[in-house]
1. Any residue at all in region B:159-180 that's closer than 30 Å to residue B:206 by Cα, modelled with pLDDT under 90 and surrounded by fewer than 22 Cβ atoms within 10 Å (Cβ to Cβ)?
2. Here is a list of conditions, (1) within 13 Å of DNA strand C (Cβ to nearest atom); (2) surrounded by 23 or more Cβ atoms within 10 Å (Cβ to Cβ), and residue B:86 meets all of them except one; can you say which number that is?
3. For region A:241-336, list the strands (runs of 3 or more DSSP E) that sit wholly inside it and hold at least 2 residues that are more than 24 Å from residue A:77 (Cα to Cα); which are they?
4. With respect to the numbered conditions (1) away from chain A (no Cβ under 11 Å); (2) touching a helix residue (DSSP H, G or I) at 6+ places or on another chain (Cβ under 7 Å); (3) under 27 Å from residue B:232 (Cβ atoms); (4) surrounded by fewer than 23 Cβ atoms within 10 Å (Cβ to Cβ), which one is the sole condition not fulfilled by residue B:330?
5. Give the residue that is surrounded by the fewest Cβ atoms within 10 Å (Cβ to Cβ), with candidates limited to residues of region B:61-83 that are within 10 Å of another protein chain (Cβ to nearest Cβ) and in a helix (DSSP H, G or I).
6. With the requirement that a residue be part of a helix (DSSP H, G or I), surrounded by fewer than 18 Cβ atoms within 10 Å (Cβ to Cβ) and more than 9 Å from DNA strand D (Cβ to nearest atom), what does region B:1-60 give you?
7. Quick test for you: out of A:145, A:70, A:63, pick the one residue that is closer than 21 Å to residue B:49 by Cα, away from DNA strand D (no atom under 16 Å from the Cβ) and in contact (Cβ under 8 Å) with a residue 24 or more places away in the chain.
DNA sequence: CTGAAAGCGCTTACAG
DNA sequence: CTGAAAGCGCTTACAG
């Protein structure tokens with residue numbers, strides 16, 4: 001590949017000058033600049049990002065994105081949002097998918113640090129996320145998505161979980177449902193607490209008792225969704241509606257429902273947190289609380305890049321609203 | 001972050017020696033090595049990958065993965081396969097998702113080159129992929145997945161498309177179907193040609209006429225799947241079964257089928273190329289030709305890393321077989 | 001406005 | 001077996 005040296009020789013200037021035109025440093029004679037630009041074009045020169053990153057103290061042009069589960073369509077949307085903003089601003093993105101495995105999360109974090117990223121966008125997982133705290137302590141800029149880091153002061157971009165869950169639950173209540181189950185995530189995660197909170201608030205607002213056996217906590221994955229749905233169906237008195245706390249849980253629950261030859265929404269109504277572009281290919285089309293992973297990823301990247309190179313800034317919280325997309329998986333309860 | 005220098009001082013050796021123990025160069029006194037290793041541990045030293053990459057001529061520990069569409073679950077599996085192999089061998093991976101946009105594909109390729117990757121894993125898109133050819137010409141190692149690059153001599157890891165399509169079609173024929181539609185991809189892509197080839201071969205083998213209006217080519221996305229399915233349903237004589245050439249097309253077709261209040265498989269049978277882990281959450285569970293994106297990604301990475309540092313080697317083609325997963329979206333045709 | 005020089009953190013011949 | 005030195009391709013004070 002062509003180097004600064006070659007361009008400099010070709011344009012008959014020093015490498016300093018070439019570097020200056022590349023970095024848009026203003027104090028370059030317009031004529032010189034033109035000559036250099038021509039050389040760059042002719043030699044098809046592209047700066048070596050590795051050397052730039054090693055040398056530059058300010059802006060390295062690299063962001064690390066650390067995600068718990070790339071199989072979750074929500075995170076795929078996040079990736080798209082991050083990518084779009086980052087590449088528009090000439091930042092590259094490295095993606096680390098740790099699959100809920102803390103050791104692997106540390107592996108990625110180490111690699112990203114060692115790649116001298118400008119900063120990290122992280123979706124904290126279940127644990128205490130000590131490794132993320134370490135990164136912050138070492139001075140890396142961090143933006144959290146989906147949820148924060150306890151009482152640590154970081155930027156976080158998330159969604160109004162409580163309100164989203166509230167709306168979903170209220171919708172079910174208005175449809176006449178009373179035995180509404182909630183398949184929740186792990187009990188100690190903020191996201192879970194907030195969504196359960198919204199669920200309970202809606203129930204209370206409408207004077208519906210919250211029944212303990214109908215609220216079940218578990219890991220947020222496909223298998224758990226399927227297993228919990230089965231427990232729910234095995235109950236002496238079944239729920240007439242289910243609100244699942246995320247898309248994997250929803251998909252798992254759906255599998256179990258169909259395995260039991262039950263019909264949605266005639267036998268049971270279901271509403272999911274998280275929407276997919278193919279929710280409409282489900283039969284019936286899924287009613288869902290939609291949160292935009294794309295917007296979240298995009299905003300998180302904006303905040304991170306803003307932080308890079310800029311002076312320290314107070315941390316911000318950006319909270320997006322969800323929207324309830326009514327399709328056909330929920331039905332008015334007539335009997336009862 | 002700690003540097004080689006600090007470790008060297010701490011262990012009272014030169015940086016050369018520290019570098020040697022890090023890179024497992026054998027000629028280091030065991031005692032010295034131990035002392036250095038202790039220092040590394042105590043100072044929590046992690047080598048700076050950027051400096052390593054800038055300096056080292058052999059192995060840079062970075063792979064670029066260039067994908068046409070991260071929203072396609074198949075590519076998500078590919079990513080998982082690549083990641084698993086790469087990180088096990090201490091390679092990091094940068095992912096570029098160009099969304100079928102050639103300009104953006106070039107952008108990623110440029111960035112990856114400029115990041116001094118060891119090599120590229122690429123899923124060629126519709127076009128001529130001039131940019132990929134450029135990269136090869138410049139000396140970058142490239143492994144193609146999903147399909148090759150015309151007559152260019154590169155490693156490619158793919159699936160036996162013809163046989164997979166043949167099996168799917170034959171299955172439908174054995175179920176008694178004769179009017180079997182095929183929603184194909186873009187006509188000039190090898191993958192499409194192969195799958196259409198398998199479809200036709202099965203038809204011919206069983207003496208079923210291939211009807212032109214039942215074989216329709218289009219972009220391989222969700223919207224196209226939906227649109228083509230509608231065309232098919234609008235035909236004077238509808239197909240009784242559909243074989244869709246990939247998962248996005250299948251999902252789109254499903255949407256249209258349900259929009260038309262048709263029942264799968266009673267009104268129409270459907271089988272898709274590509275399986276998803278949640279295919280079983282579809283109602284009815286989808287019958288599909290399964291190809292393992294994970295295996296493909298894994299193998300491609302193995303080939304690429306093998307190529308890195310090793311002497312030039314003849315290019316290989318690895319072709320995985322597909323497996324037909326029979327679920328409930330296809331039904332025996334009784335009337336007719 | 002421009003260039004010479006130092007240096008980012010490593011690896012790798014070259015001596016010894 | 002170990003160290004001093006050069007250099008990967010850049011950026012950035014420092015002089016002029």
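The values are calculated or read from the model by the stated rules, or taken from the named source; none is laboratory data. Just so you know, these numbers come straight off a predicted model, no measurement behind them. For neighbour counting, all protein chains shown are included, and Cβ atoms are generated from backbone atoms with ideal geometry for every residue, glycine included.
1. no
2. Looking at each condition in turn, residue B:86 falls short on (1).
3. Where strands (runs of 3 or more DSSP E) fall fully within region A:241-336 and carry at least 2 residues being more than 24 Å from residue A:77 (Cα to Cα), they are A:241-244.
4. (4)
5. B:80
6. B:5, B:6, B:9, B:22, B:34, B:37, B:38, B:41, B:42, B:43
7. That would be A:63, the only listed residue that is closer than 21 Å to residue B:49 by Cα, away from DNA strand D (no atom under 16 Å from the Cβ) and in contact (Cβ under 8 Å) with a residue 24 or more places away in the chain.
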